[in-house]
């Protein structure tokens with residue numbers, strides 16, 4: 001019976017409920033996403049680590065050259081392409097033991113990089129930020145939360161503070177040859193290149 005239980009444990013995740021809770025699902029780039037990961041154990045098990053997995057993925061429709069076997073040549077074709085722009089796996093706690101009926105909250109504060117891309121959805125391009133919580137267990141499948149989508153917005157523009165400007169009065173005089181007004185400090189007319197006299 002012990003062997004059968006060990007074999008079954010390798011195929012099934014520990015009995016536990018894991019949920020992510022955030023103060024806000026909308027965060028400006030450069031700021032911290034704050035919240036907690038709640039774990040309620042339904043059985044005794046050892047945890048190797050509790051972590052979050054944050055990702056920013058860009059999906060776009062692009063034109064690529066694809067070989068067509070019927071035409072025996074490459075033709076341009078619209079395909080869906082995706083790339084991971086940012087990925088982080090911050091650890092909330094290391095190895096620990098969970099007992100049956102125990103409930104624990106693990107606080108989290110993850111910085112969204114200021115140079116990241118804000119969430120957007122267009123006709124041919126989409127940028128999404130997702131996060132999930134993971135309770136990692138050795139020799140068994142991990143217990144994972146549902147993947148939550150967060151809105152990353154561009155940071156608010158900082159007000160521009162100008163230093164004192166120095167105002168200088170410019171006296172203009174007419175050119176003796178063409179009559180164009182020019183600064184009294186210049187010696188040659190910018191219009192006709194006539195030399196200023198007097």
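Classify the range 26-80 as rounded, prolate or oblate, taking a ≥ b ≥ c as the square roots of the eigenvalues of its Cα gyration tensor: rounded when a/c is under 1.5, otherwise prolate if a/b is larger than b/c and oblate if not. The shape class here is oblate.
Taking a ≥ b ≥ c as the square roots of the Cα gyration tensor eigenvalues, with a/c under 1.5 meaning rounded and otherwise prolate when a/b beats b/c, else oblate, which class fits the chain? The shape class here is oblate. For the chain, adding -39500 (n - 2.57) for each run of n ≥ 4 DSSP H residues and dividing by the number of residues yields -1500 deg cm²/dmol at 222 nm.
Model label points for residue 26 and residue 146, set 7 angstrom from Cα along the Cα-to-Cβ axis, are 2.1 nm apart.
With a simple spin-label model that places each label point 7 Å from the Cα along the Cα-to-Cβ direction, the separation between residue 66 and residue 170 comes to 6.1 nm. Anisotropy class assigned to the range 104-159 is oblate, per the alpha carbon gyration tensor with a/c at or over the 1.5 cut-off and a/b no larger than b/c. Dimensions of the range 69-123 based on its C-alpha atoms, expressed as ranges along the principal axes with the largest first, amount to 64, 31, 19 Å. Residues 135, 47, ranked from the fewest to the most other C-beta atoms within 10 Å, line up as 47, 135.
Here the simple spin-label model places points 7 Å from the Cα toward Cβ, and for residue 12 and residue 58 these points are separated by 4.5 nm.
Values in this text are rule-based calculations from the coordinates and carry no lab data. Because the structure is predicted, anything quoted here is derived from the model rather than measured. Here Cβ is always computed from backbone atoms with ideal geometry, including for glycine, and neighbour counts include all displayed protein chains.
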